[in-house]
1. With the calculation restricted to Cα positions, what are the radius of gyration and Dmax of the stretch 23-156 in angstrom?
2. List Val109, Val98, Val114, Val154 from most exposed to least, where exposure is judged by having the fewest other Cβ atoms within 10 Å.
3. Can you grab the distance from the C-alpha centre of the stretch 97-161 to the C-alpha centre of the stretch 38-82, Å, no decimals?
4. Each label point is 7 Å from the Cα along the Cα-to-Cβ direction; what then is the distance between the points at Arg127 and Glu161, in nm?
5. At 222 nm, what helix-only mean residue ellipticity would the chain give, in deg cm²/dmol to the nearest 500, using -39500 (n - 2.57) for each DSSP H run of four or more?
6. Neighbouring Cβ atoms within 10 Å as the yardstick, rank Glu23, Glu150 fewest first.
7. For a footprinting-style exposure proxy, rank Trp112, Trp122, Trp151 by other Cβ within 10 Å, fewest first.
8. What is the gain in length, in nm to one decimal, between Glu150 and Lys88 on full extension, counting 0.36 nm per residue of separation less the C-alpha to C-alpha distance?
Amino acid sequence: MRVFLGTLVAILTALPIQAHAQEVTGRASVIDGDTIEIQGNRIRFDGIDAPEARQRCEDASGKFYRCGKVSADALDAFLAKSRPTSCKITGKSWDRLVGTCRRSDGADVNRWMVQQGHAIDWPKYSRGRYAADQRQAQARRKGLWAGRFEWPCVVRGAKCE
């Protein structure tokens, strides 16, 4: 009987977490270029990496600018055009959920950030899912690709591979 009750408690305790972890939908607040918050849940975009808030990059003329702020501001404007945002949760990293997100009109937020050059494809996690989008952004010299920048993972002091 004890084993049964213990098992039952464990199952019932896990149910809300599993149901909650599948998808999160609501009005998104932008934390930075690859992290949003919806209903108190911090969600990091799966497979991409955006400049850090403190990060500075060079534009095409060699002038420094706050590329992390530009990335976050672009994300905020993009999300504001079609609310709410829905994120399919694919995992967890540190204190955040990890997911792929869409606006209410169906636009893929993760992909858009890479297409516009506001984030990079992070092969370590994407397995190249956004590589073609990144090549197009590079060819068009969009966003980060218009000038020079350090990979965000390098700025954070993390391993990029």
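1. Reported Rg and Dmax, both Å: 13.9, 42.
2. Details: Val109 24, Val98 19, Val114 30, Val154 13.
In order of increasing Cβ crowding within 10 Å: Val154, Val98, Val109, Val114.
3. Computed from Cα coordinates, the inter-centre distance equals 10 Å.
4. About 2.0 nm, to one decimal.
5. Working: 6 runs with 60 residues, N = 161.
Per the formula, -11000 deg cm²/dmol.
6. Values: Glu23 12, Glu150 15.
Final ranking by Cβ density, sparse to dense: Glu23, Glu150.
7. On the way: Trp112 20, Trp122 25, Trp151 15.
Fewest-to-most Cβ neighbours within 10 Å comes out as Trp151, Trp112, Trp122.
8. Values: separation 62, 0.36 × 62 = 22.32 nm, distance 2.91 nm.
Stretched out fully, the Glu150 to Lys88 stretch lengthens by 19.4 nm.
Since every read-out is calculated from the coordinates, none of them should be taken as a lab result. Remember, it's a predicted structure, so these values are computed and weren't measured experimentally. Glycine also receives a Cβ, built like all others from the backbone with ideal geometry; neighbour counts cover every protein chain displayed.
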